[in-house]
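Notes for the one structure printed next.
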Amino acid sequence: MSAAAKTKVQSIVDEHAVVVFSKTYCPYCKATKKTLKDAGAQAFVVELDEVSDGADLQAAVRELFHHSTVPAVFINHALVGGNDALQATKSKGKLGPMLQAAGVAA
Ligand SMILES: N[C@@H](CCC(=O)N[C@@H](CS)C(=O)NCC(=O)O)C(=O)O
C-alpha cells in the first residue's frame with residue numbers, strides 16, 4: 001500500500017465530519033448510509049469499488065485504523081466502526097448526540 005493512500009485516507013477523515021468508506025453492493029454499507037441520512041447527516045462517502053485506488057485506500061484504512069471491512073464509519077474524525085457499531089450507537093441513543101457534537105445534524 002502506498003504512502004499516498006495513507007495520506008489521502010487521513011486527509012479525508014480529517015477534513016469531513018462524517019465519512020463512510022463503502023462499497024456500492026455491500027448491504028451493510030447501504031444500511032449505514034440510510035441510517036446516517038435518516039439521522040440528518042450528510043456523509044462524505046468513498047465507494048471503494050468505484051475508484052481506481054479503492055483497494056489501496058481500503059488497505060490504508062486497515063493499517064491506520066485496524067478496521068478491515070466496509071463500511072468503515074468515521075464521525076467527528078474518529079472511527080466508530082462498521083455498520084454493527086453504528087447501529088449499536090444508534091440503539092443506545094448516542095448517534096444523535098454524536099452527530100450534533102460533530103456539527104452535522106440538528
Ligand atoms: N460486521 C460488519 C460486516 C461488514 C462486512 O462483512 N462487509 C463486507 C462487505 S458486505 C466486507 O467488508 N467484505 C470484505 C471486503 O469487501 O473487503 C459490519 O457490520 O460492518
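What pairs come up if the first residue lies in segment 63-78 and is more than 14 Å from the ligand (Cβ to nearest atom), the second is acidic (D, E), and their beta carbons are under 7 Å apart, counting only those six or more places apart or on different chains?
H77/D14
Can you tell me which residue is farthest from V70 (Cα to Cα) among those in segment 2-17 that are in contact with a helix residue (DSSP H, G or I) (Cβ under 6 Å, 6 or more places away or on another chain) and among the hydrophobic types (A, V, I, L, M, F, W, C)?
So, considering only residues that are in contact with a helix residue (DSSP H, G or I) (Cβ under 6 Å, 6 or more places away or on another chain) and among the hydrophobic types (A, V, I, L, M, F, W, C), the one farthest from V70 (Cα to Cα) is A17.
Looking only at segment 1-60, how many residues end up being within 12 Å of the ligand (Cβ to nearest atom), surrounded by 20 or more Cβ atoms within 10 Å (Cβ to Cβ) and either over 15 Å from the mean Cα position of the chain (by Cα) or among the aromatic types (F, W, Y) (or both)?
Going through segment 1-60 one residue at a time, the tally reaches 1.
Scan segment 79-106 for residues that are of a type in the set (G, A, S), surrounded by fewer than 12 Cβ atoms within 10 Å (Cβ to Cβ) and either free of Cβ contacts under 8 Å to residues at least 12 places away in the same chain or closer than 21 Å to S22 by Cβ (or both) and jot them down. Give the steps one after another, and end with the answer.
First pass over segment 79-106, keeping only residues of a type in the set (G, A, S): 81-82, 85, 88, 91, 93, 96, 101-103, 105-106.
Going one step further and asking which of them are surrounded by fewer than 12 Cβ atoms within 10 Å (Cβ to Cβ), we end up with 91, 93, 103, 106.
Of everything in segment 79-106, those that are of a type in the set (G, A, S), surrounded by fewer than 12 Cβ atoms within 10 Å (Cβ to Cβ) and either free of Cβ contacts under 8 Å to residues at least 12 places away in the same chain or closer than 21 Å to S22 by Cβ (or both) turn out to be S91, G93.
So Q87 clears everything in (1) within 13 Å of the ligand (Cβ to nearest atom); (2) closer than 26 Å to A3 by Cβ except one condition, right? Which one?
(2)
If you go through segment 77-106, how many residues are of a type in the set (S, T, N, Q) and more than 26 Å from D49 (Cβ to Cβ)? Explain how you work it out, then say what you get.
Within segment 77-106, the first condition is being of a type in the set (S, T, N, Q), and the residues that meet it are 83, 87, 89, 91, 100.
Those still in the list that are more than 26 Å from D49 (Cβ to Cβ) too: 91, 100.
Going through segment 77-106 one residue at a time, the tally reaches 2.
Bear in mind that the values in this text are calculations on the coordinates, not laboratory data. What you see is a predicted model, and the numbers here were worked out from it, not measured in a lab. Using ideal geometry, Cβ is built from the backbone for each residue, glycine included, and neighbour counts are taken over all protein chains shown.
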